[in-house]
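Step one of this worksheet: look at the structure below.
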Amino acid sequence: MNFTRLLPALVTVLLMACGTGAPPTSEAEGNTAEQTKEKDEAIKVKGERGRRSYTAEELNEPYSRVSPWRYIVTSPETEYFERMVGSSTLARTVHGSGHAVLVPEDLTFKTTGDWKGILDPGQEKALDRLVGAHIIKGIKGPKLLEGTYENLNGDQVSIEKNAQGQLVCGGAKLLGRELETDQGLVIPVLGLAEPIAWD
């Protein structure tokens, strides 16, 4: 018996036996490639409401409501702060702590050069302090913003009205576009909550 002729047939039989079954005969019976991709990209997160699976659209739509971190990643106005949070040790805290995050928009960084160098080696602690100054504990919701709170650095901060009647937190002006996410409140701002404390 010639085994070299039998070998390809044997490999084919083994591959078919290892498969997951016959392919679907219609689109209704199986997933389309697009549906499969969405399922693969969806993630599960644990929160107070239990496990929830997010679709690719929820994760990647502009101004994602999944978490403050996803908002920062998807917003077209937060590229600079995204780099800062992502380079800090606080990205996980921003993602799932349930705290409010003051999110400086790009115009903050385009109009001043005071922040340049914050991503340089040796400035890791200064970067963490800057990000920590923008994570506020204790805010109950987007309609109850005024008050005195503590930031992640342990400092007392106030959200109050200035002389023009605008809500401010230190040097950051709230833009009135607060957004509740599943993992915390996003508060878009112009300016920094406090000056950078360089190392």
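The values are calculated or read from the model by the stated rules, or taken from the named source; none is laboratory data. Remember, predicted model here, so these are calculated numbers, not experimental data. Backbone-built Cβ (ideal geometry, glycine too); neighbour counts: all protein chains shown.
Summary of values
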{"item": "Test: residue in the range 147-160 that is over 13 Å from Ala193 (Cα atoms), surrounded by fewer than 21 Cβ atoms within 10 Å (Cβ to Cβ) and among the charged types (D, E, K, R)", "result": "no"}
{"item": "Where a residue in the range 164-178 is touching a residue at least 24 places away in the same chain (Cβ under 8 Å) and its partner, wherever it lies, is polar (S, T, N, Q) and surrounded by fewer than 19 Cβ atoms within 10 Å (Cβ to Cβ), with Cβ under 9 Å and at least six apart", "result": "Cys169/Ser158; Gly170/Ser158; Leu174/Gln166"}
{"item": "Members of the range 175-188 found to be surrounded by fewer than 19 Cβ atoms within 10 Å (Cβ to Cβ) and not in a loop (DSSP other than H, G, I, E, B), listed by number", "result": "Leu179, Glu180"}
{"item": "Restricting the range 117-139 to residues that are closer than 16 Å to Leu179 by Cβ and among the hydrophobic types (A, V, I, L, M, F, W, C), the residue that is surrounded by the fewest Cβ atoms within 10 Å (Cβ to Cβ)", "result": "Ile139"}
{"item": "Where Arg70 falls short, out of the listed (1) touching a residue at least 40 places away in the same chain (Cβ under 8 Å); (2) over 23 Å from Gln183 (Cα atoms)", "result": "(2)"}
{"item": "Asp114 vs. criteria among the acidic types (Asp, Glu), in a loop (DSSP other than H, G, I, E, B) and either surrounded by fewer than 16 Cβ atoms within 10 Å (Cβ to Cβ) or at pLDDT 95 or above (or both)", "result": "yes"}
{"item": "Test for Leu107: is it under 17 Å from Ile187 (Cβ atoms), touching a Leu at 6+ places or on another chain (Cβ under 8 Å), surrounded by fewer than 22 Cβ atoms within 10 Å (Cβ to Cβ) and at pLDDT 95 or above", "result": "yes"}
{"item": "Extreme residue, surrounded by the fewest Cβ atoms within 10 Å (Cβ to Cβ), among residues of the range 72-104 that are assigned to a loop (DSSP other than H, G, I, E, B) and polar (S, T, N, Q)", "result": "Thr89"}
{"item": "Selection status of Phe81, in contact with a Pro (Cβ under 6 Å, 6 or more places away or on another chain) and closer than 17 Å to Lys173 by Cα", "result": "yes"}
